[in-house]
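Below is one structure; the comments refer to it alone.
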Amino acid sequence: MTRVTKDKETSKIILVAATGMEVKLLTNDCETIHAYSDHLKTYRLGKNNFDILLSGIGLTFTTFSLTHTLLSHSYALVINAGIAGTLSEQLKIGDVVCVVEEEFGDLGIESEAGFLTLFDSGFLHPDEFPFENRMLKADGAEIAGFLPKVRGITTNISHGRDSTINEIKNQFSASVESMEGAAVFYVCRYLGVPCVQIRAISNRVAPRENAGWNIPLALENLKDRLERILTEHS
């Protein structure tokens, strides 16, 4: 689908984060150049400019704010960045990964037999645009080729109960869980803007007492990887 733009500004990178906390270490190293609003600002890192959009937490806020921004401004790449929980034993707290495939983990129908996605229930064809074999795929992942590539799942709930966590692990083959990733991929695929998702592992998807949270470590590592990407590609 062709993207509609309403200005003539130079195409550049926009970094989308749910909260300011997730990019505070990055913005501390940057110069603020311009503020379109409280949630959309232009920053300079070295010689490179880029925008940051604070989208809000979850699918609805992210879908609205990113769609509104992409219909008003022109960008060459969207980077969704933030922390995430891991469903994989192979990932460690503090690891930074590139999510290259996403799916909605709580969009569907609950039956006595369990949860059915819209694909399982026949409401969507697995290859109906913008999906490919049920998945939403990143079109700009090459920018983070130095990071491990993983599959993600997006839900409006940060899971912390054994029963639901086990259901997710049994039904989906995702390595990380976030609350925004699939929304970013969906919007970008529809509007024809390349996108990539960079996530730092802050915890295991487990009951809180077993999750091993280390947000400061995740944020520090996230900042380092984002600065490398932005310095090389902005």
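Heavy-atom accessible area per residue, the chain, 1.4 Å probe: how many Å²? Write down the numbers at each step before the final one.
On the way: 11110 Å² over 234 residues.
It amounts to 47 Å² per residue over the chain.
Using the basic label-point model (7 angstrom from Cα toward the beta carbon), what is the Asp38 to Glu128 distance in nanometres?
Calculated label separation equals 3.8 nm.
Among all cysteines in the chain, which have no other cysteine Cβ under 4.7 Å from their own Cβ?
Lone cysteines by the Cβ rule: Cys30, Cys98.
Would you rank Asp139, Asp51 by solvent-accessible area, highest first, keeping every protein chain in place and using a 1.4 Å probe? Walk me through the numbers on the way to the answer.
Values: Asp139 75, Asp51 0 Å².
Largest to smallest exposure gives the sequence Asp139, Asp51.
For segment 101-141, what does the relative contact order come out to in percent, with C-alpha contacts under 8 Å and a separation of six or more? Please report the intermediate quantities before stating the final value.
Working: 38 pairs, mean separation 15.2, N = 41.
The value is 37 percent.
Return the distance in nm (one decimal) between the two label points of a simple spin-label model at Glu110 and His68, each offset 7 Å from Cα along Cα→Cβ.
3.1 nm
Using a 1.4 angstrom probe and counting only protein chains, how large is the accessible area of Thr62 in Å², to 10?
Solvent-accessible area, nearest 10 Å²: 0 Å².
Taking amide H positions as placed 1.01 Å from N in the peptide plane, with prolines and chain starts having none, which residues 5 or more places from Leu71, or on another chain, fall under 5 Å of its amide H?
Distant-sequence amide H within range of Leu71: zero hits.
Based on Cβ point charges of +1 for Lys and Arg and -1 for Asp and Glu, what charge dipole magnitude is obtained for segment 59-198 about its Cα centre, in debye rounded to the nearest 20? Don't jump to the answer; show the numbers that get you there.
Details: 8 positive and 18 negative charges, 78 e Å.
Result for segment 59-198 is approximately 380 debye, rounded to the nearest 20.
Between helix 215-233 and the chain, what is the angle of the helix's C-alpha long axis to the longest principal axis, kept within 0 to 90° and rounded to the nearest 10?
For 215-233 against the chain, the angle is about 50 degrees.
Can you give me the three principal axis dimensions of segment 107-234 from its C-alpha atoms, in Å, biggest first?
50, 41, 19
Using a 1.4 Å probe on the protein chains only, how many percent of the accessible area of the chain belongs to carbon and sulfur?
Numbers: 5730 of 11110 Å².
About 52 percent, which is the carbon plus sulfur part of the accessible surface.
Note the angle between two axes, namely the Cα long axis of helix 162-171 and the longest principal axis of the Cα atoms of the chain, as a number of degrees from 0 to 90, rounded to the nearest 10.
80 degrees
Can you give the FRET efficiency for Lys47 and Met21, using 1/(1 + (r/R0)^6), R0 = 25 Å, r = Cβ-Cβ distance, to the nearest 0.05? Walk me through the numbers on the way to the answer.
Working: r = 27 Å, r/R0 = 1.07.
E between Lys47 and Met21, to the nearest 0.05, is 0.40.
Using DSSP, restrict attention to beta bridges with both residues in the chain and report what percent are antiparallel, rounded to the nearest 5.
Close to 45 percent.
Quick one: if you take sqrt(5λ) for each eigenvalue of the C-alpha gyration tensor of segment 1-137, what semi-axes come out, biggest first, whole angstrom? Don't skip to the answer; put the middle values down first.
Working: eigenvalues 200, 83, 35 Å².
Semi-axes (√(5λ), whole Å): 32, 20, 13.
Considering only Cα-Cα distances, which of the following residue pairs are longer than 23 Å: Lys47/Lys137; Lys149/Lys223; Lys24/Lys169? Before the final figure, lay out each step's value.
Details: Lys47/Lys137 31 Å; Lys149/Lys223 18 Å; Lys24/Lys169 32 Å.
The pairs that break the limit, which is 23 Å between Cα atoms, are Lys47/Lys137; Lys24/Lys169.
Work from the charge dipole of the chain (Cβ charges, +1 for Lys and Arg, -1 for Asp and Glu, about the Cα centre) and give the residue of Gln90, Gly105, Ser37 farthest towards its positive end.
Ser37
Report ³J(HN,Hα) in whole Hz for each residue of segment 203-211, in order, from the Karplus equation J = 6.51 cos²θ - 1.76 cosθ + 1.60 where θ = phi - 60°; Gly and Pro get x.
6, 8, 6, 6, x, 3, 5, 10, 7
For the Cα atoms of the chain, what angle does the longest principal axis make with the long axis of helix 181-191, in degrees from 0 to 90, nearest 10?
The two axes meet at around 60 degrees.
With contacts defined as alpha carbon pairs under 8 Å and 6 or more residues apart, what's the relative contact order of the chain in percent?
Numbers: 504 pairs, mean separation 66.5, N = 234.
It comes to 28 percent, rounded to a whole number.
May I ask for the distance between the Cα centers of segment 90-108 and segment 137-203, given as a whole number of Å?
Segment 90-108 and segment 137-203 have Cα centres spaced 4 Å from each other.
Determine which residues of segment 183-203 fall in the zone a paramagnetic label at Lys92 would reach in this model, i.e. backbone nitrogen under 18 Å from the point 7 Å along Cα→Cβ.
From segment 183-203, the list is 199-203.
For the chain, just say rounded, prolate or oblate: build the C-alpha gyration tensor, square-root its eigenvalues into a ≥ b ≥ c, call rounded for a/c under 1.5, and beyond that prolate if a/b exceeds b/c, oblate if not. The partial results should precede the final answer.
Values: a/c = 2.00, a/b = 1.31, b/c = 1.53.
It is oblate, given that a/c is not under 1.5 and a/b is not larger than b/c.
Give the ranking of Cys30, Cys195 by solvent-accessible surface, highest area first, calculated with a 1.4 Å probe.
On the way: Cys30 25, Cys195 0 Å².
My answer, sorted largest first, is Cys30, Cys195.
The values are calculated or read from the model by the stated rules, or taken from the named source; none is laboratory data. Here the structure is a predicted model, which is why all the values come from computation and not from measurement. Every residue, glycine among them, receives a Cβ derived from its backbone with ideal geometry; neighbour counts consider all protein chains shown. Accessible surface areas use protein heavy atoms only, side chains included; no ligands, DNA or RNA. Shrake-Rupley method; radii C 1.70, N 1.55, O 1.52, S 1.80 Å.
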